[in-house]
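Peer 1: Just dropping this structure here.
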Amino acid sequence: MSRAESSRLAFIESLRLIAALLVFFQHAIEQYRGGIELFDRMTRLGPGLAGVVIFFVVSGYVVPMSVQKGFEPLPFMIRRVFRVYPLLLFVFALLFCAGASGVLAYWQFMPAAGPAQWAANLLLVQDYVGVRPFLGVSWTLAIEFAWYALFALCVWRFGSRAGPILNVALPVLLLTLAAASVAADIRVPLGRLAMLYACVLGYQAFLFHTGVLSGRGLRFSLASFIAVTWITNIVAFGIYSHAHVSLFQALWPWTVAPIAFFVILLVKPVRNARLLNSGWLPAWGTASYSIYMFHPLGLAAARQYATSAWIGIPMAVAVTALLSFIGYRYVEKSGIGLGRRVVGLVRKPRGGAGVPAAG
């Protein structure tokens, strides 16, 4: 991404940081809710889910932007793999060392993990095959790769029609599964599939900004998204129940998070606000992936070494910030650069622009 593009998307980096901080806050209050009444109340609110929804709407917005000059499936997937995996592998290695040494006791199980457990975690399918995860938050990366694959397949197959097709296919699929869940009297976990729909909503915002989708079409997409996610959440958390998530905890993030995204994206005074476009918010927002991946380590260190929440939370923030700075500066950026070099080696010297993503 050029410097000019980065500057224009500073508010997106700020949004990513806000999303990461919401997830961090959720896990922090869950860790210390036992003795602090305010944390107990905030835990019941569940702000972390709103952060995850924002992450996926933002992903849906920026991924199509990365192929505006043309789409080539193999280079696209190579760049995506090198965007995610270097940091993931680094975190796994750090967890292994911290667990083996006893520095972080929570991960002492990792040295004894067998090949099947390692394979499942490396392939990000641990939640689907009943294997203990090395890092709990990594479940979102599997959905992120599902979005990359879905986007790549649809753009490769349908070109500029990919966005409109996905905007119909995902809600139809969700509603069909919700109806089947009620008919069969079986609870179907619809939330993770809805995360893909959040990416599709972000894709519609991208199409609006490129002039492909009208303002009326964008408003219809947002209204449809809220309506469909309300229906599916009422089925999954209202008609049926979940051990840890109430209906309210499921409904409000799916409403507030996309509306907040669209307000920031479409209301110029908000989008161009100095707070979102300069200073520490966008600066740290570039490291939001590292913050998201390292905050469990910061919280684990606080749990093991701090005597109270008032010491533990600042400790967790400090450890997370330090590891995130190192992770972004020396691992994320290096991985992105390596991905570009690999793409340069495998790309055919034909100079073609590939398949157009939109427009």
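Peer 1: Classify region 70-212: rounded, prolate or oblate, from the alpha-carbon gyration tensor (a ≥ b ≥ c, eigenvalue square roots; a/c under 1.5 rounded; otherwise prolate if a/b is larger than b/c)?
Peer 2: Oblate is the answer for region 70-212, as a/c is 1.5 or above yet b/c matches or exceeds a/b.
Peer 1: Moving to a separate point now. Which length gain, in nm to one decimal place, applies between Arg303 and Ala93 when the Cα-Cα distance is subtracted from 0.36 nm times their residue separation?
Peer 2: That pair, Arg303 and Ala93, stretches by 73.5 nm at full extension.
Peer 1: Let's test the formula: R0 of 35 Å, r as the Cβ-Cβ distance of Val103 and Leu45. What FRET efficiency results, to the nearest 0.05?
Peer 2: In this case the efficiency is close to 0.60.
Peer 1: Okay, next question. Need the full-extension length gain, Ser214 to Arg340, defined as separation in residues times 0.36 nm minus the C-alpha distance. One decimal, nm.
Peer 2: Full extension from Ser214 to Arg340 adds 42.0 nm.
Peer 1: Positive end of the charge dipole of the chain (Lys, Arg +1 and Asp, Glu -1 on Cβ, about the Cα centre): tell me which of Leu281, Val228, Leu9 has its Cα farthest that way.
Peer 2: Leu9
Peer 1: Just how large is the dipole of region 235-359 about the Cα centre, in debye to the nearest 20, putting +1 at every Lys and Arg Cβ and -1 at every Asp and Glu Cβ?
Peer 2: 680 debye
Peer 1: Specify whether the C-alpha gyration tensor of region 126-192 places it in the rounded, prolate or oblate class, a ≥ b ≥ c being the square roots of the eigenvalues: rounded for a/c under 1.5, otherwise prolate if a/b is larger than b/c and oblate if not.
Peer 2: oblate
Peer 1: Further question on the same structure: For Thr255 and Ala243 in one chain, what is 0.36 nm times their gap in residues minus the Cα-Cα distance, to one decimal in nm?
Peer 2: 2.1 nm
Peer 1: I need the shape label for region 230-322. Rule: rounded when a/c is under 1.5, else prolate if a/b > b/c, else oblate, with a, b, c from the alpha carbon gyration tensor.
Peer 2: oblate
Peer 1: Most exposed first by the Cβ proxy, i.e. fewest other Cβ within 10 Å, how do Tyr85, Tyr197 rank?
Peer 2: The most exposed by this proxy come first: Tyr85, Tyr197.
Peer 1: By count of other Cβ within 10 Å, fewest leading, how are Ser66, Ser288 ordered?
Peer 2: Listing Ser66, Ser288 from fewest to most nearby Cβ atoms yields Ser66, Ser288.
Peer 1: If you place +1 on the Cβ of every Lys and Arg, -1 on the Cβ of every Asp and Glu, and leave all else neutral, what size is the dipole of the chain about its Cα centre, to the nearest 20 Debye?
Peer 2: Computed charge dipole of the chain: roughly 1160 debye.
Peer 1: Based solely on its DSSP helices, what 222 nm [θ] is calculated for the chain when runs of n ≥ 4 H residues each add -39,500 (n - 2.57) and the sum is averaged over all residues, nearest 500 deg cm²/dmol?
Peer 2: -23500 deg cm²/dmol, from helical runs alone.
Peer 1: Using a basic spin-label model with each label point 7 Å from the Cα along Cα→Cβ, how many nm lie between Trp230 and Tyr85?
Peer 2: The two pseudo-label positions are separated by 4.3 nm.
Peer 1: Kirkwood hydrodynamic radius, region 3-343, all distinct C-alpha pairs: what's the number in Å?
Peer 2: About 21.1 Å for region 3-343.
Peer 1: Obtain the nm distance between the two label points defined at Leu38 and Ala184 by a simple spin-label model: each point lies 7 Å from its Cα along the Cα-to-C-beta direction.
Peer 2: 4.6 nm
Peer 1: Let me ask you something else. Specify the inter-centroid distance of region 249-297 and region 149-195, based on alpha-carbon positions, in whole Å.
Peer 2: 25 Å
Peer 1: Fewest Cβ neighbours within 10 Å first, please rank Glu332, Glu37 accordingly.
Peer 2: Fewest-to-most ranking of Glu332, Glu37: Glu37, Glu332.
Peer 1: Report D for region 106-158 in µm² per second (integer): Stokes-Einstein, Kirkwood Rh on Cα pairs, 25 °C, 0.890 mPa s.
Peer 2: 199 µm²/s
Peer 1: Given labels modelled 7 Å from the Cα in the Cβ direction, how far is it in nm from Arg161 to Ala318?
Peer 2: Taking the two extended label points, one gets 5.9 nm.
Each reported figure results from applying straightforward, stated rules to the coordinates on display, with no laboratory input. This one's a predicted model, so the numbers in the text were calculated from it and none came from an experiment. Every residue, glycine as well, gets a Cβ built from its backbone with ideal geometry; the counts of neighbours run over all protein chains shown.
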